[in-house]
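The values are calculated or read from the model by the stated rules, or taken from the named source; none is laboratory data. Bear in mind that the values here come from a model prediction, so they are computed numbers and not experimental data. Cβ atoms come from the backbone with ideal geometry, glycine included; neighbour counts cover every protein chain shown.
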């Protein structure tokens with residue numbers, strides 16, 4: 001019996017000795033069948049970590065260029081975040097067709113049920129991609145990378161997995177994204193809680209009934225907003241623990257017919273090209289005017305038109321100075337607050353959820369898209385617990401105790417506390433430089449990359465949708481496409497020129513980081529601790545982690561660097 005394929009297809013289960021899953025290694029599986037991508041001593045041209053958009057893009061692209069390529073994926077199937085994210089209400093915040101692959105053989109044979117797919121739709125989509133492209137034969141699932149080091153003599157990466165397998169590859173590509181390292185605050189008593197508790201991104205792939213249950217959601221990021229919308233109408237009682245209000249904007253989700261999708265598919269190639277010409281990788285972009293170029297009446301009308309269109313338009317299709325000019329930004333916040341406050345009945349909740357005094361500049365924390373989030377708080381069964389100045393102290397057998405001693409009793413708790421964003425993903429893989437340094441130690445003072453895709457001391461290693469690339473300021477598939485093509489072109493260039501490996505120069509990485517900081521300092525991002533400034537993990541360095549110059553400028557810079565490879569890389573020939 002093909003045991004490895006059997007375990008790879010099974011629903012993921014947490015370590016049976018733990019109350020709930022907290023680490024990727026909880027999902028490592030011993031594979032009895034050591035054939036195919038599961039062999040104990042795998043040797044390939046390129047090894048890709050992660051089977052989401054980035055990993056799948058690289059697998060197909062590198063295979064098409066003649067490289068023997070395999071994916072190592074910690075989860076049990078394709079889809080990346082969409083196999084992990086199955087919490088109540090989980091869905092994407094980018095519209096289709098912006099949020100999909102641009103491969104004609106895939107999109108011509110696929111139609112979506114709505115413009116904003118949920119996680120089930122996206123899983124079905126990845127199954128379709130596999131059916132068309134044939135991906136799983138080159139994927140090793142439930143495979144967690146725990147160590148990797150480059151051998152300069154051999155010119156290959158040596159990779160180790162949690163189940164004691166090894167692999168060698170000339171190229172290591174990290175398609176691990178920005179949100180693969182979950183963050184669970186070290187609250188005491190979590191294992192003593194008698195009810196059900198899960199982190200949103202380690203949510204079990206099954207229905208957990210909340211009918212007539214006392215429920216809590218800790219956190220008001222994207223997952224907290226989505227769980228609130230799902231549980232609000234169903235829970236017997238729901239309390240949402242909020243540290244900072246989420247300045248969420250309307251999604252405008254709607255059903256799509258097959259007919260309307262088929263009608264516009266001839267335009268898809270142009271749409272996919274166009275998404276790479278906008279600041280954030282969407283098919284819309286900033287208004288060319290500055291905020292105060294318009295009269296107050298014109299400004300109100302403009303805000304209203306963008307608001308009605310929905311999605312991230314009321315973020316990256318506003319006036320072009322909105323993320324740069326404090327006075328301009330306050331105008332967009334004032335409109336947001338007026339619109340949002342009108343939806344909340346209770347004066348206390350209105351002030352907590354949408355205060356007149358802005359908690360931070362609008363849009364410098366990545367907004368979430370919502371459908372009826374604020375209306376949930378008009379239900380008698382739903383309440384908000386403000387923990388900004390009265391944080392959670394501990395869990396007990398029956399619930400949660402705050403610092404002031406207030407105790408709340410619950411049956412089900414969703415820990416929606418997010419991730420060690422952007423940099424944390426790569427520091428959990430056990431990566432070691434050619435100088436013997438550990439990446440997780442090297443990045444304690446701050447992340448340092450070259451071009452947001454390579455790291456000095458880690459030859460022939462590339463990462464996508466990670467530190468110092470457009471990442472959180474971009475639609476995912478757009479960043480994946482522009483970075484993935486660059487990586488494939490770099491590898492093609494290496495192969496064609498008899499190069500053993502390339503290693504980013506230290507001074508090139510220093511200059512890139514300086515550039516990242518300078519771009520960021522032109523904006524309002526440094527004014528608030530957010531995902532753009534390293535996240536909120538205690539003790540983590542406060543620094544910009546994303547390229548904030550927009551997709552077109554980024555593409556121009558990385559392409560120039562590829563044309564002059566020797567300027568930024570030490571090149572070692574065979």
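Kindly evaluate residue 106 against the criterion of being assigned to a helix (DSSP H, G or I), within 28 Å of residue 313 (Cβ to Cβ) and modelled with pLDDT of 95 or more.
Numbers: assigned to a helix (DSSP H, G or I): yes; within 28 Å of residue 313 (Cβ to Cβ): yes; modelled with pLDDT of 95 or more: yes.
Yes; evaluated as a whole, the condition is true for this residue.
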Quiz item: What are the residues in the stretch 401-424 that are touching a strand residue (DSSP E or B) at 6+ places or on another chain (Cβ under 7 Å) and modelled with pLDDT under 75, if any?
Solution: 419
Quiz prompt | Single unsatisfied condition, residue 198 versus (1) surrounded by 24 or more Cβ atoms within 10 Å (Cβ to Cβ); (2) part of a strand (DSSP E or B) | solution = (1)
Quiz item: Here is a list of conditions, (1) in a loop (DSSP other than H, G, I, E, B); (2) out of contact with any helix residue (DSSP H, G or I) (no Cβ under 9 Å at 6 or more places or on another chain); (3) surrounded by fewer than 20 Cβ atoms within 10 Å (Cβ to Cβ), and residue 116 meets all of them except one; can you say which number that is?
Solution: (3)
Practice problem: Select from the stretch 148-169 the residues that are closer than 24 Å to residue 469 by Cα and surrounded by fewer than 20 Cβ atoms within 10 Å (Cβ to Cβ) and list them in ascending order. | Solution: 149
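Is it fair to say residue 395 is in the same structural domain as residue 327 (by TED's automatic domain parsing), buried (at least 17 other Cβ atoms within 10 Å of the Cβ), under 22 Å from residue 192 (Cα atoms) and touching a helix residue (DSSP H, G or I) at 6+ places or on another chain (Cβ under 7 Å)? Show your work before the answer.
Values: in the same structural domain as residue 327 (by TED's automatic domain parsing): yes; buried (at least 17 other Cβ atoms within 10 Å of the Cβ): yes; under 22 Å from residue 192 (Cα atoms): yes; touching a helix residue (DSSP H, G or I) at 6+ places or on another chain (Cβ under 7 Å): yes.
Taking the combined requirement at face value, the residue satisfies it.
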Quiz item: So, of the residues in the stretch 217-237 that are touching a strand residue (DSSP E or B) at 6+ places or on another chain (Cβ under 6 Å) and part of a helix (DSSP H, G or I), which turns out to be nearest to residue 392 (Cα to Cα)?
Solution: 224
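Considering only residues that are touching a residue at least 24 places away in the same chain (Cβ under 8 Å) and surrounded by fewer than 17 Cβ atoms within 10 Å (Cβ to Cβ), look in the stretch 372-385 and name the one that is farthest from residue 340 (Cα to Cα).
First pass over the stretch 372-385, keeping only residues touching a residue at least 24 places away in the same chain (Cβ under 8 Å): 372-379, 381-385.
Still in the running and surrounded by fewer than 17 Cβ atoms within 10 Å (Cβ to Cβ): 372, 375, 378-379, 381, 383.
Numbers: 372: 11, 375: 10, 378: 13, 379: 16, 381: 20, 383: 17 Å.
If we take residues in the stretch 372-385 being touching a residue at least 24 places away in the same chain (Cβ under 8 Å) and surrounded by fewer than 17 Cβ atoms within 10 Å (Cβ to Cβ), then 381 is farthest from residue 340 (Cα to Cα).
Residues checked against (1) in the same structural domain as residue 199 (by TED's automatic domain parsing); (2) more than 17 Å from residue 50 (Cβ to Cβ); (3) surrounded by fewer than 22 Cβ atoms within 10 Å (Cβ to Cβ):
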| position | (1), (2), (3) |
| --- | --- |
| 442 | no, yes, yes |
| 445 | no, yes, yes |
| 450 | no, yes, no |
| 463 | no, no, no |
| 481 | no, no, no |
| 485 | no, yes, yes |
| 498 | no, yes, yes |
| 501 | no, yes, no |
Exercise. Sort out which residues of the stretch 170-193 are crowded, with 24+ Cβ neighbours inside 10 Å and either free of Cβ contacts under 8 Å to residues at least 60 places away in the same chain or under 15 Å from residue 462 (Cα atoms) (or both), and write them in order of number.
Key: 171, 172, 173, 174, 175, 176, 177, 178
Self-check item: Failed item in (1) in a loop (DSSP other than H, G, I, E, B); (2) under 20 Å from residue 116 (Cα atoms), with residue 208 passing the rest
Solution: (2)
Practice problem: Check residue 11 against each of (1) modelled with pLDDT of 95 or more; (2) outside any helix (DSSP H, G or I); (3) not assigned by TED's automatic domain parsing to the domain that holds residue 428 and name the one condition it does not meet. | Solution: (1)
Quiz item: How many residues does the stretch 518-540 hold that are touching a helix residue (DSSP H, G or I) at 6+ places or on another chain (Cβ under 9 Å) and free of Cβ contacts under 8 Å to residues at least 40 places away in the same chain?
Solution: 4
Exercise. Could you please let me know if residue 170 is over 21 Å from residue 488 (Cα atoms), at pLDDT 95 or above, outside any loop (DSSP other than H, G, I, E, B) and assigned by TED's automatic domain parsing to the domain that holds residue 63?
Key: no
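Within the stretch 266-273, is even one residue assigned to a loop (DSSP other than H, G, I, E, B), out of contact with any strand residue (DSSP E or B) (no Cβ under 7 Å at 6 or more places or on another chain) and modelled with pLDDT of 95 or more?
Initial filter on the stretch 266-273 (assigned to a loop (DSSP other than H, G, I, E, B)): none.
Checking the stretch 266-273: not a single residue is assigned to a loop (DSSP other than H, G, I, E, B), out of contact with any strand residue (DSSP E or B) (no Cβ under 7 Å at 6 or more places or on another chain) and modelled with pLDDT of 95 or more.
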Quiz item: Give me the pairs: first residue in the stretch 489-508 and on the phi > 0 side of the Ramachandran plot and modelled with pLDDT of 95 or more, second residue surrounded by fewer than 21 Cβ atoms within 10 Å (Cβ to Cβ) and part of a strand (DSSP E or B), beta-carbon distance under 6 Å, and six or more apart or on different chains, which are they?
Solution: 498/573
